[in-house]
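Novice: One structure coming up, written as structure tokens, with questions to follow.
The values are calculated or read from the model by the stated rules, or taken from the named source; none is laboratory data. Here the structure is a predicted model, which means the values were calculated and not measured. With ideal geometry, Cβ positions are generated from the backbone for all residues, glycine too; neighbour counts draw on all protein chains shown.
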Amino acid sequence: MVGYVLMTGIIGSFTLAGLILGLLALIFGLDKKVPTGTILLYSGSASKLIVSDDQWLFCNGSEVSRSTYRALFVVIGTTYGAGNGVDTFNLPDLRARFPFGSANLADNSFASGGAASHTLTVAELPAHTHDQGSLQTQNT
């Protein structure tokens, strides 16, 4: 499963792997080097994700707890959906999408949109001209 994962701001969990990863993160300051809300490309499957389940989440539009992922909620809020409006919020849904940055950080046009394909209409074509040329053919 190729997809995107989102940094939640939670370092480690109560599993042994989570505890080890959490300690390594604290020792090397990874919690300060990877900001909460960071989105990374990930080319493995969910079962192969070697960080703790609560540290990174797939960008699949899921509803998650506002209290469990408080640091992430502070960063993205309800930009990608309000969840149930009280206890949950939605993660970005980047399935079949590609994220891109905005030239204007106040512009939220990058929050959603895009399509797998699009046919241009005449109204969408920019003004342009075509020069008249010549075509030479040879009959043999």
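Novice: Let me confirm something: among 109, 67, which residue is exposed (fewer than 11 other Cβ atoms within 10 Å of the Cβ), modelled with pLDDT of 75 or more and at negative phi? Write out each step before concluding.
Specialist: Details: 109 fails: modelled with pLDDT of 75 or more.
Going through 109, 67 in turn, the sole match is 67.
Novice: Before we move on, is residue 5 at pLDDT below 70 and part of a strand (DSSP E or B)?
Specialist: When the stated conditions are applied, residue 5 passes them.
Novice: A further question on this structure: If you scan the stretch 70-99, which residues turn out to be crowded, with 18+ Cβ neighbours inside 10 Å, out of contact with any strand residue (DSSP E or B) (no Cβ under 6 Å at 6 or more places or on another chain) and more than 15 Å from residue 39 (Cα to Cα)?
Specialist: Selection gives 89 alone.
Novice: Could you tell me whether the stretch 112-122 includes any residue that is at pLDDT below 70 and surrounded by 11 or more Cβ atoms within 10 Å (Cβ to Cβ)?
Specialist: yes
Novice: Going by the structure shown, is residue 82 in a loop (DSSP other than H, G, I, E, B) and modelled with pLDDT of 90 or more?
Specialist: yes
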